[in-house]
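Below is one structure; the comments refer to it alone.
The values are calculated or read from the model by the stated rules, or taken from the named source; none is laboratory data. Since this is a predicted model, take the numbers as computed values, not measurements. Every residue, glycine among them, receives a Cβ derived from its backbone with ideal geometry; neighbour counts consider all protein chains shown. Accessible surface areas use protein heavy atoms only, side chains included; no ligands, DNA or RNA. Shrake-Rupley method; radii C 1.70, N 1.55, O 1.52, S 1.80 Å.
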Amino acid sequence: MSAAPVEHPQAHEGSDPYGEKPRTLLDQADRLMEQLPGYRVEILGGALTVTPPPDAAHARALSRLKRPFAAAGLDGGETEVLEGLGLWLPDGPEDFAVPDLSVVDADIEEHLIDYNCYDPAAFRLVLEVTSSNFRADLRTKVKAYGNAKVPVYVIVDREHDRLHVLTDLVEDGYDSHRVHARGAHVTLPESIGAEVTLDVTAVLTAAQAAPDPRIRR
């Protein structure tokens, strides 16, 4: 899911409806979560970002994507397949991301760092389904997840109707960035714990939003 920078509403000088101004970015993140229930708040590159609640197609894509991972035996045993799990990032003292889907070590609870976010060393794969601000997933998070040494990053790119698979870690990102179109079947690296093959057509079809019925054509 993509994230967009947030502009914070400014209170009148000398007034603060919460009684105390937030002192850190994490304090501001807490406040945004209170103000915008259902939205996803992250800190990427030292900047607060917020993502609206997902549409039905976004949620459908995640539901369908979990199936091949579960069928390969990754959702239980040595690994878990989890949605919306916080990942602590090394880019800044308060940076964190919340990938749409993650494959993590089964002992993930032992890797808690802070703010309900976990050590990236426990993540074998992260996956994002893009939303309106797709550039965050295609650019900002490539660097963020690469710096965090997450071995595999998968992007369901709804804007360009493509599936991206990034592997082979290098400084500031990934050395291998393969883009797959409909009709392809993509086998992910076995380093995630098992062989998982994704049907690109099925994934992109599930992620494709229906026309807005409120718009007359």
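Applying the selection to region 30-65, what residues are more than 25 Å from Leu125 (Cβ to Cβ), among the hydrophobic types (A, V, I, L, M, F, W, C) and assigned to a helix (DSSP H, G or I)?
Selection gives Leu32, Met33.
Among what's in region 32-47 and is surrounded by 17 or more Cβ atoms within 10 Å (Cβ to Cβ) and either touching a Leu at 6+ places or on another chain (Cβ under 6 Å) or free of Cβ contacts under 8 Å to residues at least 24 places away in the same chain (or both), pick the residue that is nearest to Arg158 (Cα to Cα).
Val41
Considering only residues that are part of a strand (DSSP E or B) and in contact (Cβ under 8 Å) with a residue 60 or more places away in the chain, which ones fall in region 105-140?
Within region 105-140, Arg124, Leu125, Leu127, Glu128, Val129 meet the criteria.
Given the options Ser176, Ser191, Ser102, name the one that is closer than 23 Å to Glu80 by Cβ, assigned to a strand (DSSP E or B) and of a type in the set (Gly, Ala, Ser).
Ser102
Looking at His160, His177, His164, His111, can you tell me which residue is closer than 23 Å to Ala56 by Cα, open to solvent by 30 Å² or more (accessible area, probe 1.4 Å) and not β-branched (Val, Ile, Thr)?
His160 is the lone residue from the list that is closer than 23 Å to Ala56 by Cα, open to solvent by 30 Å² or more (accessible area, probe 1.4 Å) and not β-branched (Val, Ile, Thr).
Mind listing just one residue for me: the one in region 144-195 that is touching a residue at least 60 places away in the same chain (Cβ under 8 Å) and within 19 Å of the chain's Cα centre (by Cα) and, of those, farthest from Asp95 (Cα to Cα)?
Leu188
Would you call Ala72 open to solvent by less than 50 Å² (accessible area, probe 1.4 Å), modelled with pLDDT of 95 or more and hydrophobic (A, V, I, L, M, F, W, C)?
Judged against the criteria, Ala72 is a match.
Being hydrophobic (A, V, I, L, M, F, W, C) and either buried (at least 16 other Cβ atoms within 10 Å of the Cβ) or in contact with a His (Cβ under 8 Å, 6 or more places away or on another chain) (or both) is the requirement here; does Val154 meet it?
yes
Could you please find all residues in region 119-136 being in contact with a helix residue (DSSP H, G or I) (Cβ under 9 Å, 6 or more places away or on another chain) and open to solvent by 10 Å² or more (accessible area, probe 1.4 Å)?
Asp119, Pro120, Ala121, Arg124, Ser131, listed by residue number.
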